[in-house]
Amino acid sequence: MSLSLDKLKALRRQAGHSEAASAAPVPEPSAAAPVVAAAPAVPAREASVFGWVEQIQHKPKDTAAAAAPARRAQDGDALRRLLATRGRAATPAAPRPQRSGPVDRALPGTEIAPGLHLIEAFLPQTIPTLPLSLAFSKRPEEAVQPHDLLFFDTETTGLAGGTGTRAFMIGAADWHHDAARGEGLRVRQLLMSTMGAESAMLEVFASWLSSGTVLSSYNGRSYDAPLLKTRYRLARRGDPISALDHVDLLYPTRRRYRGTWENCRLATIERHLLQIAREDDLPGSEAPAAWLNYLRGGSAHNLRRVGEHNHQDVVTLAQLFLRLVQAEADERAELMLEIPEE
């Protein structure tokens, strides 16, 4: 509240008169006069205009006075919460349970480079002697030599693809004749146990390829092969995959068996067409977590299961390839029987 100078002087004069009047002696009441109860004495400052002004300026409004208890209650609650939070922060965290024994870190295979393991297996079986027709893949005039086929599959850090995704395992199977073990299906797998082993893994896998190699996969043309091409480029290495022929078994399998079973996933084809039942198989979706857990110092148990899953995948590819070749040949034979002789 603002007052002009003249008004302020007038108020001061009025205040002086009021103080003088209050300081003057009060006459004794006469005996005849009736005794009147004296009004309660008012302090000079409260009776002055300045006291009235101070009341207006400094006394809280009724709403503020009514809200004060609520604010004090809120402040008290906030203080209690703060003290409780400090009490919890001061409480020491519960100790982590100690492992009962050493962590299982054993990986299969042989370490052929720092952080790179090679896992090998040999499955004795008869190798086809004649070229295998690619008619089932809509290439009726073409055929491939059995020894030129390389069935491959990767296990990766994710299913989204892109430059941030890498293959931590590459599995490959080919028909091979060994002097000591005879002929059969050779399975080789490369497993990285450290991030720094990727360059060595790419180099070894490239050494398994030749200009006459024919790759075969299940959805590898859309996923595995582009992923490996990206990793070769990022590693500043030549791309050994793009120049090779590639027979993807997913598409002929869909054309032939779509609608026969619930889906055309490789595990479904194994179960219904090849009568292969996997036991204790780790789903492919859990492979990234198994590898990352191992990198962080965890157990190698699930990572070994990833290796078993990958091993079965490439073995299944070889069997599925032969089954598709045979199914196409049987179908053509039936058509020839239906054609009447002239």
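The values are calculated or read from the model by the stated rules, or taken from the named source; none is laboratory data. Note that the structure is predicted; figures quoted are calculated from it, not measured. Cβ: placed from backbone, ideal geometry, glycine included. Neighbour counts: every protein chain shown. Ligands, DNA and RNA are excluded from the accessible area calculation, which covers all protein heavy atoms including side chains. Shrake-Rupley method; radii C 1.70, N 1.55, O 1.52, S 1.80 Å.
Computed quantities for the displayed model
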read-out	value
Selection status of residue 220, closer than 20 Å to residue 192 by Cβ and either surrounded by fewer than 19 Cβ atoms within 10 Å (Cβ to Cβ) or small (Gly, Ala, Ser) (or both)	yes
Residues that are open to solvent by less than 10 Å² (accessible area, probe 1.4 Å), more than 16 Å from residue 288 (Cβ to Cβ) and not small (Gly, Ala, Ser), drawn from the stretch 145-187	146, 149, 150, 151, 152, 175, 185, 187
Scope the stretch 103-141; condition in a strand (DSSP E or B) and touching a His at 6+ places or on another chain (Cβ under 6 Å); matching residues	111
Residue match in the stretch 180-194 (condition: more than 16 Å from residue 107 (Cβ to Cβ) and assigned to a loop (DSSP other than H, G, I, E, B))	yes
Number of the exception - residue 163 against (1) assigned to a loop (DSSP other than H, G, I, E, B); (2) over 29 Å from the mean Cα position of the chain (by Cα)	(2)
Candidate set: the stretch 101-139, residues that are under 41 Å from the mean Cα position of the chain (by Cα) and β-branched (Val, Ile, Thr); chosen: the one nearest to residue 319 (Cα to Cα)	119
